[in-house]
Amino acid sequence: MSAGYRQLSMNDTNTDVIQGTLDMLILKTLSLEPLHGFGISRRVEQITRGVFKVNPGSLLTALQRLERAGWLDAEWKQTENSRRAKIYSLTRAGRKQLELETADWNRRSSAIARLLKAEI
Amino acid sequence: MSLMRYITRGLRGLFKQRAKDDEIAAEIEHYFEEAVEAGMSRGLTCDQAQRAARAEIGNLAPIREKVRSYGWENAVRTWLQDLSYAARQLRRNRGFAVVSVITLALGIGASTAIFSAVNPILLSPLPYPFPNRLLMIWNTYQGARFELSFATYRELLARNRTFDSIAVFDLGDGLANVTLQGKGIPERLEGQKVSWNYFRVLGVSPSLGRDFQPSEDIFHGPKVAILSHSLWQRRFHGDPAIIGRGIRLDGENFTIVAIMPPSFDNVLQPTAEIWTPEQFDFSQLNSGNFKSWEWMNHLHMVGRLKPGVTRSQAVQDLAQIASTPSPEYPRPEWGSLKQGLILDSVQDDLAETIKPALMAIIGAVVLLLLVACVNVVNLLLARHAQRQGEFAVRTALGASRRRVLRQLVTETLLLAMLGGLAGIAVALAGVRALVFLSPAGLPRIEAIQLDPAALCFALAVTTVIGLLTGLFPALGSPHAGFTLALHRSSRRTAGRQSVALRALVVTQIALALILLVSTGLLLHSMRRLLSVDPGFNPDHLLTMVVHTSGPQYLPAAPDLRPAFAARLRFFQRAIEAVRRVPAVRQAGFGIPLPLSDDPFGLGQTGVQFEKDGPRGVRNLLRFGVSPQFCQAMGIPLRSGRFLDERDTASAPFAALISESLARSEFPHEDPIGKRLHVGGIDNNTWYTVVGVVGDIKRTSLAANEPEAVYTDFRQSWAVESPLSFVIRTSGDPAAAASAVKNAIWSIDPNQPIVRVMTMDRMIFTSEAERRFVLILFAAFGSVALTLAAIGIYGVLSGSVNERMREIGVRAALGASRQAILRLIVADGLYLAGVGIALGLAGAFGSTRVMQSLLFGISRLDPYTYIGVILLLGTVATIACAAPAWRASRVDPSITLRAE
């Protein structure tokens, strides 16, 4: 996955997206409603209460990739504040992909949770 | 679905890059604006919000780059950039590019063409199942291969324990040829008589109908035939109903039982089109005398080994049979097998006679490819030396080493590709030329075509070598090397290499000299040869071979004369018809036809002059002729008269003798009126010399056999068939051909006419072999010359680059431009001189081999040698000129400052 991650530095609170989850975050966000790039970024930040911040370079690259994979559709539209923006929406294939990734994530995270519990 | 999208989006990125870039920029811009607006909605001022957004997002340009660089099309785009840069580089150095491409094209093309020609003969397996189990079996006569008899065949068949089966076939001397009659023009077909299991032994079966049966291969067996696919298509339009139908061959009915598949490649007699069974008489083998055909050595034998049996086992098995005669199988003296049997794979057998020549050609080709590679290496090294500075600058500006390497690889590959394309063109032309020029008798000629494997091999070799060379300078110098190169060009390895490279250039020149000297000698020979007077006038002369076909023309014991009379009647009526054709001035028939491919022995007969007594029989060339033959041929009359209509069977027998014969037999007398026997001692009739004619060439312009006797067929015991018709025409002889043929067919439409050819063409073809060798040498010679020139150029360019500093110092110290020019040219000419000296030594030795191909010129002909040396010297000087010129233009201040 080519999603970009800033180098982790000691005096920085880590807001990087966990490796491999950016796609899922984007898909999930778009499953709620179609959004433009900045909207997605803001929404991720809001929902995760600032835990994750999405780097615009990584985001836009990921959007291109997801669009090419056929999971997103993109269209230039007028926004409410009358700017022209590229609005992304989830396709049927994207919805299916989201389900797959969600299931996969749940399996992994519960496994990790179990592991951590066992250690304590 | 998504793959489609993946590709189409990529293509859009590739071709509509501007639009895509704009879109990305717009999206990022929008992102930024939204961020600013979000900041302002949190209560920041516009200015503050912009600053905050910028702090959060960072610099926009790298983001744009990052988004842009996503996708497969970007790798392609970089590559295209490299490619266009490489193309620009090559365009800027047109000389280098052209020279390299020519070198590669010649090397790749020539080696591929030759290998394509040689491969089917020597290397590629025969087109039969398990071809390595096929062996040829030969009788031995004085250590050489010799034919076998049917009796031997039967014995080997019965007693061997190592062969699945063995087949025999006739030796392909034309005895199995037949004339196809019936609808349409009668056609002489090349036939092959085979034992019934011939195709089974080879492992092929007919595509239509059934193979021969053992019951058909018996004495007086049914008349059956198998046709080749091409004959079936040509004469019977591929009609499958032909199977089981009858056709007329030489006046007899044959049933077609099968058609061979189009893919069948009959390597043992490639041009045969019709097969008939041998039908030997088994009863003769028990007759107690060895007189019948069944006991004569005239068969070729091919056997298929049992699976798992090795060749040496088979050799042992047959040797054991040969050395232990069995009373069950009596052997005549000539079939005693005392000298053993020779076993050989079919492939080696086919190539046996021409293998040494082919191996020599392959050797030359490998050398050629090597020379081409060396030249490319040379050129690339010289070029890289020039570009050290450029690489250093690029590295300093931040290009990674990988990037520089990639650039080099791209350039080399581009060069290799261009050279390869040109090489394919050269190879295609070369293969066509080879097939077109190849002398008759080259085996498996129909299998010769451009060999893709050979082409790929040559391409791969040159490319890999080019790549290695391309990478060498870059790989050889670590990162620091480039920085170092900024200050001065590297000279560490150059000195070592150049010794090897210079040695190779010397070799190239020597090789070129040998080839050019050979070409020159052959060229002279050819010119002298074609200006040789054949003794007759070949202009406006049309020739053709007319057969007689049918049982009435076949001499049969006990009285052969009716058949001979029938033949003569037909030929006479035919020639009269020919004479009535408007364009015909004179026409006659005779045998053998001078400078034709009539067999060498044809026409040799015993001649005895009256003055020499019965012991004075000499073997001389005898031409059987009709009236007007000598006139039509344009053979000059020296004294007396020609043979003409007077010389009938009942008239006193008359003969012509050639000038040289007259001179040697009757040095002090008039030969007219002298008497001689023609046709050996059996013939007691006296022929009287009525005229003396000029000498003519019989087998080749190069061969001198001037002593000959001419007699008329009406006064001869036998009338040969086929005979050659010679027709002198008033206009273009080739244009009269069809009228003449129709005139002959108006007498009998069932008689085949073959080898219709003008005499000019015949003379041209009679020297085909010499011409083939000549063209091969000329081609190789010019390629070698070009490559040698390129080699000198490459080495000198390299050395000028290396010596740039030295030259600069020289110039600074006051050396004039001429002096520097001389310095470099002398260096190049020194190489050329050494190469020429070595080449001369080689040529003295190697021309001995081609002595037999030379005519009217010594192999040490000084003019040829001097001419070639001058040519090489001139070419070498020209090759020196460009680098020398560059050296003389060196500005000392620049070179010295660069230090």
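The values are calculated or read from the model by the stated rules, or taken from the named source; none is laboratory data. Computed from a predicted structure; not experimentally measured. Every residue, glycine among them, receives a Cβ derived from its backbone with ideal geometry; neighbour counts consider all protein chains shown. We work out accessible area using only protein heavy atoms, side chains counted, and drop any ligands, DNA or RNA first. Shrake-Rupley method; radii C 1.70, N 1.55, O 1.52, S 1.80 Å.
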Quiz item: Just one of the numbered conditions (1) more than 10 Å from every other protein chain (Cβ to nearest Cβ); (2) surrounded by 14 or more Cβ atoms within 10 Å (Cβ to Cβ); (3) out of contact with any Phe, Trp or Tyr (no Cβ under 7 Å at 6 or more places or on another chain) is not true of residue A:67; which one?
Solution: (1)
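Table: residues versus (1) open to solvent by less than 20 Å² (accessible area, probe 1.4 Å); (2) under 16 Å from residue B:365 (Cα atoms).
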residue: B:777; (1), (2): no, yes
residue: B:784; (1), (2): yes, yes
residue: B:794; (1), (2): yes, no
residue: B:800; (1), (2): yes, no
residue: B:807; (1), (2): yes, no
residue: B:814; (1), (2): no, no
residue: B:818; (1), (2): no, no
residue: B:823; (1), (2): no, no
residue: B:829; (1), (2): no, no
Quiz item: Is it fair to say residue B:890 is assigned to a loop (DSSP other than H, G, I, E, B) and exposed (fewer than 15 other Cβ atoms within 10 Å of the Cβ)?
Solution: no
Quiz item: When the residues of the range B:711-735 are filtered to those that are open to solvent by 10 Å² or more (accessible area, probe 1.4 Å) and touching a strand residue (DSSP E or B) at 6+ places or on another chain (Cβ under 7 Å), which remaining residue is nearest to residue B:629 (Cα to Cα)?
Solution: B:728
Exercise. Would you mind telling me which numbered condition in (1) modelled with pLDDT under 80; (2) away from chain A (no Cβ under 14 Å); (3) open to solvent by less than 70 Å² (accessible area, probe 1.4 Å); (4) more than 30 Å from residue B:391 (Cβ to Cβ) residue B:96 fails?
Key: (4)
Quiz item: Any idea which of (1) within 12 Å of chain B (Cβ to nearest Cβ); (2) farther than 18 Å from residue B:70 by Cβ; (3) at pLDDT 90 or above is the one residue A:30 doesn't satisfy?
Solution: (1)
Exercise. Could you tell me which numbered condition residue A:55 fails, if it satisfies all but one of (1) at the interface with chain B (Cβ under 9 Å from one of its Cβ atoms); (2) at pLDDT below 85; (3) over 13 Å from the mean Cα position of the chain (by Cα)?
Key: (3)
Exercise. Check off (1) under 35 Å from the mean Cα position of the chain (by Cα); (2) surrounded by 14 or more Cβ atoms within 10 Å (Cβ to Cβ); (3) without any contact (Cβ under 8 Å) to a residue 12 or more places away in the chain for residue B:157 and give me the number that stays unchecked.
Key: (1)
Quiz item: Do we have residue B:151 as open to solvent by 20 Å² or more (accessible area, probe 1.4 Å) and of a type in the set (A, V, I, L, M, F, W, C) here?
Solution: no
Quiz item: Which one is farthest from the other protein chains (Cβ to nearest Cβ) among residues in the range B:1-50 that are small (Gly, Ala, Ser) and in contact (Cβ under 8 Å) with a residue 40 or more places away in the chain?
Solution: B:13
Practice problem: Just name the residue that is most open to solvent (accessible area, probe 1.4 Å) out of those in the range B:51-81 that are under 24 Å from residue B:17 (Cα atoms), more than 10 Å from chain A (Cβ to nearest Cβ) and among the aliphatic types (A, V, I, L, M). | Solution: B:80
Self-check item: the range A:74-86: number of residues that are open to solvent by 30 Å² or more (accessible area, probe 1.4 Å) and either of a type in the set (Lys, Arg) or under 21 Å from the mean Cα position of the chain (by Cα) (or both)
Solution: 6
Quiz item: Can you name every residue in the range B:736-753 that is under 35 Å from the mean Cα position of the chain (by Cα) and either crowded, with 17+ Cβ neighbours inside 10 Å or touching a residue at least 60 places away in the same chain (Cβ under 8 Å) (or both)?
Solution: B:736, B:737, B:740, B:741, B:751, B:752, B:753
Quiz item: When you go through (1) assigned to a helix (DSSP H, G or I); (2) out of contact with any Asp or Glu (no Cβ under 9 Å at 6 or more places or on another chain); (3) open to solvent by less than 50 Å² (accessible area, probe 1.4 Å) one by one for residue B:233, which number turns out not to apply?
Solution: (3)
Practice problem: Could you look through the range B:27-45, keep only residues that are of a type in the set (A, V, I, L, M) and open to solvent by less than 40 Å² (accessible area, probe 1.4 Å), and pick out the one that is farthest from the chain's Cα centre (by Cα)? | Solution: B:38
Quiz item: For the range B:552-570, what are the residues that are under 13 Å from residue B:751 (Cα atoms) and open to solvent by 90 Å² or more (accessible area, probe 1.4 Å)?
Solution: B:552
Practice problem: Determine if the range B:649-666 includes at least one residue that is small (Gly, Ala, Ser), in a loop (DSSP other than H, G, I, E, B), touching a Phe, Trp or Tyr at 6+ places or on another chain (Cβ under 6 Å) and surrounded by 15 or more Cβ atoms within 10 Å (Cβ to Cβ). | Solution: no
Quiz item: Can you tell which of B:542, B:595 is within 19 Å of residue B:733 (Cα to Cα), assigned to a strand (DSSP E or B) and of a type in the set (A, V, I, L, M, F, W, C)?
Solution: B:542
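Let's see how each residue does on (1) assigned to a loop (DSSP other than H, G, I, E, B); (2) of a type in the set (S, T, N, Q):
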{"residue": "B:176", "(1), (2)": "yes, no"}
{"residue": "B:188", "(1), (2)": "no, no"}
{"residue": "B:196", "(1), (2)": "yes, no"}
{"residue": "B:204", "(1), (2)": "yes, no"}
{"residue": "B:212", "(1), (2)": "yes, no"}
{"residue": "B:215", "(1), (2)": "no, yes"}
{"residue": "B:218", "(1), (2)": "yes, no"}
{"residue": "B:222", "(1), (2)": "yes, no"}
Exercise. Please specify each residue of the range A:96-110 satisfying the condition of being away from chain B (no Cβ under 14 Å) and open to solvent by 80 Å² or more (accessible area, probe 1.4 Å).
Key: A:99, A:100, A:105, A:106, A:107, A:108
Quiz item: Restricting attention to the range B:394-410, does a residue exist that is within 17 Å of residue B:463 (Cα to Cα), at pLDDT 80 or above, out of contact with any Phe, Trp or Tyr (no Cβ under 9 Å at 6 or more places or on another chain) and not in a loop (DSSP other than H, G, I, E, B)?
Solution: yes
Exercise. Could you identify the single residue in B:849, B:783, B:756 that is of a type in the set (A, V, I, L, M), more than 30 Å from residue B:891 (Cα to Cα) and without any contact (Cβ under 8 Å) to a residue 24 or more places away in the chain?
Key: B:849
Quiz prompt | Failed criterion for residue B:268 (all others in (1) surrounded by fewer than 21 Cβ atoms within 10 Å (Cβ to Cβ); (2) within 22 Å of residue B:130 (Cα to Cα); (3) of a type outside the set (Ser, Thr, Tyr) hold) | solution = (1)
